[in-house]
Amino acid sequence: MVHIQPVRPRVRFSVLSDDQVAEIRAATLHILESVGVHFPSERALEVFERHGARVDPESQIVRLPPALVLEAMSHAPRTYVLSGRAPGTELILDGSASYFSTDGSGTETIDFETGEHRRSTKADVAMMAHVADYLPSISFYWPIVSAQDYGRMGPLHELDASFNNTLKHVQSATIIGKGMARFALEMAEAIAGSKEDLRKRPPLSSLVCTIAPLSQDRHGIEGAMVFAEAGVPVGFMAMPNIGSTSPATMAGALVVGNAEVISAMVLMQLVAPGAPVFHSLLASVMDPRSGDYLTGIPEKYLCNAAAVQLAHDWGVPSLGGAFSMDAPEPGTWQLGRDSVYTSLLSALAGADMVEGLGLLKAATLLCPEQIIFDDEIYHTNRRLAEGIDTDPEHLALDVIAAVGPGGHFLAQRHTRQAIREIWLPELTHPAPRVDTGPSPEIRERARETFTRILRDHQPMPLPEDLQTELQSIIRAAERALPDGGADAAV
């Protein structure tokens, strides 16, 4: 039985006023019309031109009239469902909950058994999907690292490892190109059961990164059009770097990133009106002393939360960002501080989805036990966002009257029931030991928890015929996509 505990916030937090949101929308429309966005895709340029955009075929820059943007975006759905491969995995993106995932596409790992620092593999993707299937903090799974042992077919092997080891929805950030997208859709259709069920209850969604400033990736955007036509949700993530790939101001970074994301979503609506899309904008900061990429900094936290408001202003779901900070080691003071800010603010802002648990070193390094630390921070923030209930059951006036002055509440049935609902942070407050020996150090406790999950939790396996079908699809992709799938028109 799959267990998912999303954040359902009563407490809400807004970075931007309504006037500021309107100002950023107006600035975004101005940039889209007067400056434009680079779309290095012949198909994208043809679609835009056919719908009245100003297209420069030489520079491949597209300028979008505000009326075209607003009309296209009016077709994008605010609410839809992501599904896994079993009942109970449905994620309803309607603003009532924030669903968190692992982060994705790390390239290195600290081997859990040997401590070796090595390149990531398909086995790592499978191991972390296994753990994510157990943790209720994880509502959907990003293949957390790349399957580098499978080369150009790595993205499809990441899907294979994910579908085989978790019932939860899978979201890929590495399926790039129209050929690779078509084979990924075949795999997702096999999981869903039919093309119709794939549209209604998609077990797969896609995320495509834009290129700051004001550019799109050709292979990414062409693969995204394939997903949109199939009715599979596709989102776009802008990652402006304040001071290098965006102006050295938060507002400027939000305008640049917003223009990139909105231009891509407009294209999806022109290709397939009503296609489910989502918005993601994760800014960072350039260290002016070195040029380094900084993620643990207030400007990032504020931009992450503001981006959620921008997404909802356009009437689409938002994917926020959390965790995966600069620190290279788990369990550090720096990591705890930064992870709390990012994960709490994204939830309080009302992000529909939030990626980020499990990686270190700016989302490049997997140290497996880190996900246990992040899980504890997640549940702490979940309780903070839920706030305080003041209904009659929680006010407990009859219980207070029954105990009266000078009494004790421990013997009350209400106490015995309600106290079981209190979430206890087991890493920082472990259960009392029966023996008198010292409690293991906190990182060792995280490793023990990780080991226990691998040992005791068994994800529901895919039926053997589906396992075989996924392998057959991958073999067909190997034959059909000699270049890795970027340009193939399968």
Exception for Ala26 within (1) over 26 Å from Leu302 (Cα atoms); (2) among the small types (Gly, Ala, Ser); (3) modelled with pLDDT of 95 or more falls at (1)
Take the residues of the range 283-324 that are out of contact with any strand residue (DSSP E or B) (no Cβ under 8 Å at 6 or more places or on another chain) and under 28 Å from Ile442 (Cβ atoms): which is surrounded by the fewest Cβ atoms within 10 Å (Cβ to Cβ)? Pro298
Show me the strands (runs of 3 or more DSSP E) entirely contained within the range 51-148 in which 1 or more residues are touching a Pro at 6+ places or on another chain (Cβ under 7 Å) and either crowded, with 19+ Cβ neighbours inside 10 Å or free of Cβ contacts under 8 Å to residues at least 60 places away in the same chain (or both). 80-82, 91-93, 99-102
Single residue of the range 388-446 satisfying the filter (of a type in the set (Gly, Ala, Ser) and either within 28 Å of Gly331 (Cβ to Cβ) or under 31 Å from the mean Cα position of the chain (by Cα) (or both)) that is surrounded by the most Cβ atoms within 10 Å (Cβ to Cβ): Ala446
Test for Ala248: is it crowded, with 19+ Cβ neighbours inside 10 Å and either under 20 Å from Val316 (Cα atoms) or aliphatic (A, V, I, L, M) (or both): no
Please determine whether any residue of the range 72-79 is among the charged types (D, E, K, R) and under 21 Å from Gly231 (Cβ atoms). yes
Could you count how many residues in the range 325-344 are over 12 Å from the mean Cα position of the chain (by Cα) and either buried (at least 24 other Cβ atoms within 10 Å of the Cβ) or part of a strand (DSSP E or B) (or both)? 4
Log entry, pairs with first residue in the range 444-465 being in contact (Cβ under 8 Å) with a residue 40 or more places away in the chain, second being charged (D, E, K, R), beta carbons closer than 6 Å, six or more apart or on different chains, reads Ala446/Glu369; Arg447/Glu369; Phe450/Glu369; Pro459/Asp133
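Here is a yes/no grid of residues against (1) over 27 Å from Leu159 (Cβ atoms); (2) touching a residue at least 40 places away in the same chain (Cβ under 8 Å):
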site	(1), (2)
Pro203	no, yes
Gln216	no, yes
Phe227	no, yes
Pro233	no, yes
Met239	no, yes
Pro247	yes, no
Asn258	yes, yes
Val266	yes, yes
Val271	no, yes
Of all residues in the range 16-50, which are in a loop (DSSP other than H, G, I, E, B) and surrounded by 20 or more Cβ atoms within 10 Å (Cβ to Cβ)? Leu16, Gly36, Phe39, Ser41
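The values are calculated or read from the model by the stated rules, or taken from the named source; none is laboratory data. All of these numbers come straight from a predicted model, not from anything done at the bench. Virtual Cβ from ideal backbone geometry, glycine too; neighbours counted across all protein chains shown.
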